[in-house]
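Trainee: Sharing a structure, written as C-alpha cells. Questions coming.
The values are calculated or read from the model by the stated rules, or taken from the named source; none is laboratory data. In this text, all values refer to a predicted model and were calculated from it rather than measured experimentally. Cβ coordinates were reconstructed from backbone atoms using ideal geometry, including for glycine residues, and neighbour counts include every protein chain displayed.
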Amino acid sequence: MNGVGSGHGGELLVAIRRILGADDTSDPVETAARVAWSVIVEPGDSVAGELMAAFGPQRALGSVLSAADGAFDELLADCVEAGVPGAEDADAFAGVLRTAIDRWRPRLARSDVADVVAAAESVGARLLVPGAPGWPTALDDLGPHAPLVLWTRSATTSVGDGAPALAVVGSRANTVAGAEAAAEITSTAADAGCTITSGGAYGIDAVAHRVAIAAGAPTVAVLAGGIDQLYPAGNVQLLRNVARQGALLAESAPGTRPTRWRFLARNRLIAALADATVVVEAGARSGALNTAHHAGQLGRPVFAVPGAFASSASVGCHRLVAQGRAQLVVHPGDPITALRPATASGASAVPDQPLVSVQRDPEVVRVLDALGRRALPEVEIARRSGLSGAEVADALALAQLQGLVAHSSGGWGRA
C-alpha cells in the first residue's frame, strides 16, 4: 500500500499526528489504515464497515490485500470465526465478499495515504476518527454505513459542540416563497441555539447557511467530494464563511470530485448529524427527499413546508406529508419542538403564527424604514430602528433574500 508501509512511513505518521490535532491520541498507524480505506471504498460501503468493526482498520486492510492476491479463503474463514454479520451463511457471504473485493481492487494498489494527508494539510483540514475528540457521535447511528473518517475545515475543535441541530434542505431552484420559509425557520432555530446543518448547495441549502451566518449561529455544510473541493463554484465564498463560523465536513478523501452518487450518499450524513430535518421545497425527484428518507430510517423527525397546490417545487413536500413520512410545518418554530430537550422550553415560547412574507415582517419593515440614501453600518441601522444587533442582522438577511437591500463597503442600503 503506497504511503502506509513504505520507507517514508515515519514521516507519514508524523503528518497523521499533525492533522489529528493535539488532543487526539488515536493510533496513527490505525488512522493511516482508515485513511487508506477512505480512498479505496465509496461512502457508506457496509462491507468495509463490517470488516473494520470486526478486525480493526489495519488488520482488515491487510486481510483484504491478501485476499485480493489469492488468500480469499483465509479472509472468509476469519469472517465466519469473528461473527461478521451475514457470515453465518458462509456460501452466501462468500459471494458478497468477492463482489466487494472486485469493486475495491482497482484502487487497492494506488491509495497513496501520504498524498491524501498532504492535500488535506494544504487547505488546513483536520482529520476526525470515530471515538476521538471532536467526532460527531450522532453519525454512529449509521452503523456499518457510518463514515470511516471525516475531514473538516473549522475554527472549532468539535462539530456542533453538543448543541441541538436542525437540517434545513430543499430545492436548488427554489422560489422566493421557499427562500422566505427557509430563512424564517433557520432564523427561529438559530435564536433557539441550534446548529444549522445542510449541504452547501445552491437554493435552500445556501439560504439556510447564509441566514445562520447572519444570525451568528454555528452551521455545518457536508460536502459531496473532498474537503479541498469547494462545490458549487458559486458558493465558494459562502463555504469559506461556513468554515469560519461552523464547519465543513467531507468523508471522501481530499482530491475526490463530487458526483451524483456522492451527493446522494452524503445526504445520510446530513440526516444523521441533525436531530430533526425540515424539507422546505422539493420537486418529485429532489435529492432533499433522499435526506428525508435517511432521517426517517434513523428515527429522526421530518418536517415539510407546504407550498402552492400546483407548485412543482412543493410536490415532494406534499407527498411526504400525505404518506405520513413528515409533519406539516405550520409556523417556523414547529421543527424546534422535535429537537432535544435543551430547546423544549424555548420552543414553547415560539408564537403560533404562520410563515409571513418578508415584505410584511415587522422587523424587516423597521430596518427598511431606517435605511437612508447612503449605505449605513448595522450599528447605525440598529440605532435608527430601535432593534438589537441580532434582530437587525436577521432582518437584513431576510430582506437581502428578496432583493430589497444590498451590502457594499459602506454598509447596507436599499437595492
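Trainee: Of all the residues that make up the stretch 122-140, how many are crowded, with 16+ Cβ neighbours inside 10 Å and among the charged types (D, E, K, R)?
Mentor: The number of residues fulfilling the criteria is 1.
Trainee: Just one of (1) charged (D, E, K, R); (2) buried (at least 22 other Cβ atoms within 10 Å of the Cβ); (3) outside any loop (DSSP other than H, G, I, E, B) trips up ARG244, so point out which.
Mentor: Here ARG244 meets the rest and fails (2).
Trainee: Only one of ALA53, ALA15 is modelled with pLDDT of 85 or more and either among the basic types (Lys, Arg) or not in a loop (DSSP other than H, G, I, E, B) (or both); which?
Mentor: Step by step, each of ALA53, ALA15 is checked, and only ALA53 is modelled with pLDDT of 85 or more and either among the basic types (Lys, Arg) or not in a loop (DSSP other than H, G, I, E, B) (or both).
Trainee: Quick one: would you say LEU65 is in contact with a strand residue (DSSP E or B) (Cβ under 7 Å, 6 or more places away or on another chain) and either of a type outside the set (Ser, Thr, Tyr) or closer than 20 Å to ALA253 by Cα (or both)?
Mentor: Judged against the criteria, LEU65 is not a match.
Trainee: Now for a different question. Please find, among VAL113, VAL117, VAL176, the residue that is β-branched (Val, Ile, Thr) and surrounded by fewer than 23 Cβ atoms within 10 Å (Cβ to Cβ). Give the derivation first.
Mentor: Working: VAL113 fails: surrounded by fewer than 23 Cβ atoms within 10 Å (Cβ to Cβ); VAL117 fails: surrounded by fewer than 23 Cβ atoms within 10 Å (Cβ to Cβ).
Answer to the check: VAL176.
Trainee: Taking the conditions exactly as written (touching a Pro at 6+ places or on another chain (Cβ under 9 Å) and either in a helix (DSSP H, G or I) or not assigned by TED's automatic domain parsing to the domain that holds ALA212 (or both)), does ARG266 satisfy them or not?
Mentor: Values: touching a Pro at 6+ places or on another chain (Cβ under 9 Å): yes; either in a helix (DSSP H, G or I) or not assigned by TED's automatic domain parsing to the domain that holds ALA212 (or both): yes.
Yes, satisfied.
Trainee: Okay, next question. Have a look at VAL168, VAL211 and point out the one that is over 11 Å from the mean Cα position of the chain (by Cα), crowded, with 24+ Cβ neighbours inside 10 Å and not in a loop (DSSP other than H, G, I, E, B).
Mentor: On the way: VAL168 fails: over 11 Å from the mean Cα position of the chain (by Cα).
Result: VAL211 is the single residue among VAL168, VAL211 that is over 11 Å from the mean Cα position of the chain (by Cα), crowded, with 24+ Cβ neighbours inside 10 Å and not in a loop (DSSP other than H, G, I, E, B).
Trainee: Same structure again: Assess whether ALA109 counts as being farther than 30 Å from ASP24 by Cβ and out of contact with any strand residue (DSSP E or B) (no Cβ under 9 Å at 6 or more places or on another chain).
Mentor: no
Trainee: Could you tell me whether any residue of the stretch 347-362 is modelled with pLDDT of 80 or more, under 32 Å from the mean Cα position of the chain (by Cα), part of a helix (DSSP H, G or I) and surrounded by 18 or more Cβ atoms within 10 Å (Cβ to Cβ)?
Mentor: Checked the stretch 347-362: no residue is modelled with pLDDT of 80 or more, under 32 Å from the mean Cα position of the chain (by Cα), part of a helix (DSSP H, G or I) and surrounded by 18 or more Cβ atoms within 10 Å (Cβ to Cβ).
Trainee: Run down ARG210, ARG262, ARG268, ARG244 and say which single residue is in contact (Cβ under 8 Å) with a residue 40 or more places away in the chain and touching a His at 6+ places or on another chain (Cβ under 7 Å).
Mentor: ARG268
Trainee: Let me ask something else about it. State the number of residues belonging to the stretch 392-415 that are farther than 19 Å from HIS209 by Cβ and either buried (at least 19 other Cβ atoms within 10 Å of the Cβ) or in contact (Cβ under 8 Å) with a residue 40 or more places away in the chain (or both).
Mentor: Total meeting the criteria: 5.
Trainee: Okay, moving on. Spot the failing condition for TYR202; the list is (1) over 24 Å from PRO43 (Cα atoms); (2) among the hydroxyl-bearing types (Ser, Thr, Tyr); (3) not in a helix (DSSP H, G or I), and only one is missed.
Mentor: That leaves (1) as the condition not met.
Trainee: Now, a different point. Quick test for you: out of ARG319, ARG340, ARG325, ARG300, pick the one residue that is at pLDDT 90 or above and closer than 21 Å to ILE196 by Cβ.
Mentor: Testing whether each residue is at pLDDT 90 or above and closer than 21 Å to ILE196 by Cβ leaves just ARG300.
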